[in-house]
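Input: a single structure, listed below in structure tokens.
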Amino acid sequence: MNDLILKAENIKKSFKKKKEETTEVLKGISLEIFKKDFVAIMGPSGAGKSTLLHILAALDCPDSGHVSYYINNNEVTITKLAENKLSQIRNKHIGFVFQFHHLLPEFTALENVLMPALINGESFSNAEKKAISLMEQMDIAHRKKNKPMELSGGEQQRTAIARALTNNPQIIFADEPTGNLDANNTEIVLSLLTKIRSEHQLTIIVATHSKEVADHSDRIIMLKDGRLLKN
């Protein structure tokens, strides 16, 4: 139990496309994730990969079922928390990397990376020092004064990964993190994810359709038609 970091129990989720039409996307998903796991969630388009990832990351709520995190070996059922408590959990304990980097265009790369630390109450000098260190690890410190539109796709994604690491999370969630990258940048991002998992003792959970991404993981969860095929 001490190695368990996340548990999902009987997660169900439906969406209404039209007034009278409801699509059941997740049909009772239960799984356990352990500390320092690198897990790939795979499946065909429409299988529910991103929906499941967003629920596990506390970015969306299931219709029924529960998700629990194990923080300092204490179980916290996030699906029962008020939004202000959820925000604290998201900011302090998890990081998220999207397919589209979602960097703020009016800020520099450095400002984007340090912003979560400022939101967390750190001084600007400490946040800046931490952000520069992370950007050095991502090999993008030389681009710290550039705005997102001045960066390549790979540099944008590495900036997003640095931002996700800023508050020393326990879990990194990534939704198709290489979906918009060429082969060279895909390999760079995957190597960085593997490296930071080891160096920061992180758990990484990735939703992907890419076999190359899955090959970097040590565990694959397969979804089909909203159900778990392999865990």
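Just a few scattered comments:
- Subset of the range 14-51 [closer than 17 Å to T77 by Cβ and either at pLDDT below 90 or open to solvent by less than 20 Å² (accessible area, probe 1.4 Å) (or both)]: I29, L31, I33
- Selection status of K80, more than 30 Å from D139 (Cα to Cα), out of contact with any Ser or Thr (no Cβ under 6 Å at 6 or more places or on another chain), charged (D, E, K, R) and open to solvent by 70 Å² or more (accessible area, probe 1.4 Å): yes
- You will find that of A109, A117, A164, the residue that is under 20 Å from the mean Cα position of the chain (by Cα), hydrophobic (A, V, I, L, M, F, W, C) and closer than 16 Å to A207 by Cβ is A164 and no other.
- Among the candidates L118, L193, residue that is open to solvent by less than 10 Å² (accessible area, probe 1.4 Å), out of contact with any Pro (no Cβ under 7 Å at 6 or more places or on another chain) and part of a helix (DSSP H, G or I): L193
- Only one entry of S152, S133 meets the criterion of being among the hydroxyl-bearing types (S, T, Y), open to solvent by 40 Å² or more (accessible area, probe 1.4 Å) and modelled with pLDDT under 90, and that entry is S152.
- Residue count for the range 61-74 satisfying the condition of being in contact (Cβ under 8 Å) with a residue 40 or more places away in the chain and either over 14 Å from F173 (Cβ atoms) or open to solvent by 50 Å² or more (accessible area, probe 1.4 Å) (or both): 9.
- Total residues in the range 208-231 satisfying the condition of being part of a loop (DSSP other than H, G, I, E, B) and either modelled with pLDDT under 85 or of a type in the set (D, E, K, R) (or both): the figure is 6.
- In the set N167, N185, N180, only one residue is part of a loop (DSSP other than H, G, I, E, B) and buried (at least 17 other Cβ atoms within 10 Å of the Cβ); that residue is N167.
The values are calculated or read from the model by the stated rules, or taken from the named source; none is laboratory data. Everything numeric in this text was worked out from a predicted model, so none of it was measured. FYI the Cβ positions are ideal-geometry reconstructions off the backbone, even for glycines, and counts take in every protein chain you see. The protein model used for the area step is the full one, side chains on, heavy atoms only, and it has no ligands, DNA or RNA in it. Shrake-Rupley method; radii C 1.70, N 1.55, O 1.52, S 1.80 Å.
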